[in-house]
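Let me begin by presenting the structure, written as structure tokens, before commenting on it.
Each value in this text was obtained by applying a stated rule to the coordinates, not by laboratory testing. Since we're looking at a predicted model, the values are computed, not measured. Counting neighbours? That spans all protein chains shown, and the Cβs are built from the backbone with ideal geometry, glycine included.
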Amino acid sequence: MAEESGPHKAHASTRFYVVIALILTVITAAEVMVFYVEYLEPVLVPILLGLAAAKFTLVAMFFMHLRFDSKVFTGLFIGPLIIAVAVIVAMLALYGAFTGTAG
Amino acid sequence: MSEGVAAMDAEYTSTGLPNRKMAMWAFIGSECMLFGSLIINYLINHRRNLQGPYPEELLNIPFITVTTFVLLMSSLMMVLAFTAVERGDMRWGKVWLLMTAVFGLIFLGGQVYEFNHFYHEGLGLSTNLFGASFFILTGFHGAHVAVGVIWLLSLFVLAVMGRLTQRNALTVEITGLYWHFVDVVWIVLFVLIYLMS
């Protein structure tokens, strides 16, 4: 799919990007379907977070070319992202979101 | 695109990586922190309301699913614009750039409609904490989409004028990085605000 060209690997073909977009569409449809299924309510949050993480990863790896580019760019993106997620989790814990004492 | 900018696309750097692309990734990293703080604000405050309207009374999942799909497809068009410019096919490069901007405008139109609907249902920026945190978070994202649309239309105009060529593929790629970041932020917001509410 990808070919070596210039200072870094070349990017994927048009057909490959269309396939990625189709997968993203299917995952989005799955997110909405899961939302409307009542018996999945107890596990709704982990399922939705997992599906969103899958979409996020696909866009970052293929549309943003991190899969084909220098690892330096991956570090510049993932580093702050990990800090941001850690701060979100820490703040939610601080406000009792995981113990049911929020509010 | 000027010859100077065109020459910059192939400039020598000490890292062997384009400086402008490095700067865009650093900017995107800082944007992760910005949206992280706005997401914290929303998650903590959207349920701490003394009065309505409340999220479950207003959020329209089918409508926002359509605008989410539009933004996802705009990402596909952006990457197709880049591949077209990279292989020197400026005709399709222009088409995909314009289509990306049009889909961005459709998404923004949906957001304006949603904001207007919420306002007429009694939810303003200062009505309650849900209103404040919702409008700030989605408003910041919408502002980023608006900047992206202006950026894309600028590139389209340059391409029509013949000043954006295959030599400027890096410029289109950097624009794409910004646009795809706006898309991945919405992927997260769609789940956190609408589906997990």
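Structure summary
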read-out	value
Separation of the B:VAL160 and A:ALA86 label points, Cα + 7 Å toward Cβ, nm	4.8 nm
Computed label-point distance, nm, for sites A:MET61 and B:ASN19 using a 7 Å Cα→Cβ extension	3.4 nm
Shielding by other protein chains, A:63-73, mean Cβ within 10 Å	6
Rounded to 10°, Cα long-axis angle of helix B:90-120 versus longest principal axis of chain B	10 degrees
Point-charge dipole on Cβ atoms (K/R +1, D/E -1) for the protein assembly as shown, about Cα centre, debye to 20	460 debye
Burial ordering of B:HIS144, B:HIS120, A:HIS65, fewest other beta-carbon atoms within 10 Å first	B:HIS120, B:HIS144, A:HIS65
Dipole axis of the protein assembly as shown (+1 Lys, Arg; -1 Asp, Glu on Cβ), positive-most option in B:ASN41, B:GLY131, B:VAL95	B:VAL95
Peptide-level mean, for B:32-41, of C-beta atoms on other protein chains within 10 Å	5
Amide H within-cut-off set for B:LEU164, under 5 Å, with H built and near neighbours excluded	B:ALA159
All Cα pairs of the range B:1-100, percent lying beyond 18 Å	73 percent
Square roots of 5 times each gyration tensor eigenvalue, C-alpha, the protein assembly as shown, largest first, Å	35, 20, 18
Debye, to nearest 20: dipole size of chain B, +1 on Lys, Arg Cβ, -1 on Asp, Glu Cβ	220 debye
Peptide B:12-19, shielding by other chains (average Cβ, 10 Å cutoff)	2
Shape box of the range B:87-197 [Cα atoms, principal axes, largest first, Å]	51, 23, 18
Distance histogram in 5 Å bins (all Cα pairs of chain A, percent per bin)	2, 11, 14, 16, 16, 16, 11, 7, 4, 2, 1, 0
B:SER126/A:THR99 FRET efficiency (R0 41 Å; Cβ-Cβ; nearest 0.05)	0.85
P(r), alpha carbons of chain B - 5 Å bins starting at zero, rounded %	1, 7, 15, 17, 17, 13, 10, 8, 6, 4, 2, 0
Residues listed by number, the range B:121-161, amide nitrogen under 18 Å from B:VAL112 label point at 7 Å toward C-beta	B:138-154
Along chain B, longest interval not containing exposed GluC sites (Glu not before Pro), exposed being DSSP loop plus at most 16 other Cβ atoms within 10 Å	B:12-120
Hydrodynamic radius (Kirkwood) for the range B:150-197, which is based on Cα pairs only, to one decimal in Å	12.4 Å
Average Cα contact separation per residue, the range B:14-155, under 8 Å, 6 or more apart, as relative contact order %	33 percent
